[in-house]
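Presented below is the structure to which this report refers.
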Amino acid sequence: MDKPIAILTGASTGIGRSLALKLSSKYFIYLISRNKQNLNKTKELIDMQNNDCQIIVSDISKTNTLDKIYSQIDNKDRIELLVNNAGIGVFKSISDTTIEDWDNTLNTNLRGSFLMTKMIIDNLKSKKNGKIVFISSVAGLQPYKNSTAYVASKYAIRGFAASLREELREFNVKVTTVFPGAVNTPIWDNKNMEELREGMMKTDDLTETIFHAINAPNNCVTEEITIRRTLGDF
Ligand SMILES: NC(=O)c1ccc[n+]([C@@H]2O[C@H](COP(=O)([O-])OP(=O)(O)OC[C@H]3O[C@@H](n4cnc5c(N)ncnc54)[C@H](OP(=O)(O)O)[C@@H]3O)[C@@H](O)[C@H]2O)c1
């Protein structure tokens with residue numbers, strides 16, 4: 001049987017790569033990010049599991065890439081899931097945060113999620129069937145110092161997703177927001193976090209829970225999930 005289609009942003013590394021491997025058991029996945037080499041590595045791992053996917057090299061923060069992404073998706077009637085996972089982290093004091101840092105963070109984390117959602121929303125609504133997952137952060141629930149742009153983007157995602165959830169209930173489109181604590185991924189590269197990384201959650205720690213939420217019975221939606229390491233935040 002032909003698999004339903006999932007679209008996953010930020011699939012080239014970290015949480016996205018782990019999610020891609022898990023989701024590919026159930027979905028044909030379109031893997032989206034900017035780095036072709038890393039996307040191909042994710043694809044290779046999916047191929048090794050005898051599952052199927054296609055890469056789309058794209059920057060989700062740019063309006064004009066949306067048409068390019070959508071036009072590369074075949075069998076659009078089978079689109080069922082969008083995971084808005086792509087994100088960047090700028091962890092600096094407000095004095096050191098440049099306008100470019102601010103714009104890049106908000107444009108990737110928030111605007112990119114909005115654009116990807118716009119891209120598929122009429123498709124899902126018309127079918128009265130669909131799921132959209134947002135990967136926010138515990139930084140979308142509580143503030144952290146030296147993280148204004150990141151925290152602002154993740155709080156905003158929470159609000160965007162919550163509002164979207166209310167709007168889409170009558171269309172049977174479910175919206176789930178995930179708030180992970182620190183996970184050992186490339187997002188922490190070059191951020192002076194080396195001694196803490198071993199104690200962070202692993203990407204696979206999250207994916208099982210997210211997969212379970214996506215597979216909730218048709219009449220229920222897992223609205224929000226917070227996943228922290230048992231020991232709590234650092
Ligand atoms: N790791 C954590 O501690 C943690 C905790 C809570 C939430 N999160 C969230 O989890 C998500 C995944 O992060 P991660 O930890 O897995 O970090 P990561 O390994 O750095 O992954 C980020 C992903 O986003 C993609 N990306 C960044 N900018 C993009 C753009 N403009 N267009 C398309 N793709 C873009 C990157 O791919 P390319 O570079 O190839 O474009 C990469 O695949 C993020 O939203 C992050 O905020 C992470």
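A few remarks follow.
- Theoretical gain in end-to-end length, residue 220 to residue 25 [0.36 nm per residue, Cα-Cα removed]: 68.0 nm
- Once the C-beta distance of residue 191 and residue 3 is scaled by a Förster radius of 35 Å, the resulting FRET efficiency is 0.40 to the nearest 0.05.
- Distances between placed amide hydrogens fall under 5 Å for residue 88 paired with 109, all partners being 5 or more residues away or on another chain.
- Mean separation of Cα pairs under 8 Å and 6 or more residues apart, divided by the residue count, gives the chain a relative contact order of 19 percent.
- Compared with the alpha-carbon gap, the fully stretched path from residue 142 to residue 129 is longer by 1.5 nm at 0.36 nm per residue.
- Counting 0.36 nm for each residue step from residue 170 to residue 208 and taking away their Cα separation leaves a gain of 10.9 nm.
- Charged-residue dipole, Cβ positions (Lys, Arg, Asp, Glu), the chain about Cα centre, Debye nearest 20: 340
- Evaluating kT/(6 pi eta Rh) at 37 °C and 0.692 mPa s, with the Kirkwood radius of the chain over Cα pairs in the Stokes-Einstein relation, gives 183 µm² s⁻¹.
- Positive dipole terminus of the chain, leading residue within 220, 207, 138 (C-beta point charges): 220
- Each distinct pair of alpha carbons in the range 50-187 adds a 1/r term; the inverse of their mean, the Kirkwood radius, is 16.0 Å.
- Per-peptide average of other Cβ atoms within 10 Å, ordering 123-131, 72-80, 145-153, 22-30 highest first: 22-30, 145-153, 123-131, 72-80
- Treating r as the C-beta distance of residue 49 and residue 96 and R0 as 35 Å, the FRET efficiency rounds to 0.25.
- Rg over Rh [alpha-carbon atoms, Kirkwood Rh] for the range 68-108: 1.24
- Ranked by the mean number of other Cβ atoms within 10 Å per residue, highest first, peptides 31-42, 222-233 order as 31-42, 222-233.
- In nm, spacing of pseudo-spin labels at residue 68 and residue 233 (7 Å Cα→C-beta vector): 3.7
- For residue 225, the residues whose amide H sits under 5 Å from its own are 177, 178, 179, ignoring neighbours fewer than 5 places away on the same chain, with H placed 1.01 Å from N.
- Of 68/202; 36/127; 62/118, those spanning more than 25 Å from alpha-carbon to alpha-carbon: 68/202; 36/127
- Going from the fewest other Cβ atoms within 10 Å to the most, the residues 179, 134, 211 appear in the order 211, 179, 134.
- Placing unit charges on each Cβ (+1 for Lys and Arg, -1 for Asp and Glu) gives the range 5-227 a dipole about its Cα centre, and among 20, 193, 151 the Cα reaching farthest toward its positive end belongs to 20.
Rule-based calculations on the coordinates, nothing more; no lab input. The shown structure was predicted, so the numbers you read here are calculated from the model rather than taken from an experiment. Here Cβ is always computed from backbone atoms with ideal geometry, including for glycine, and neighbour counts include all displayed protein chains.
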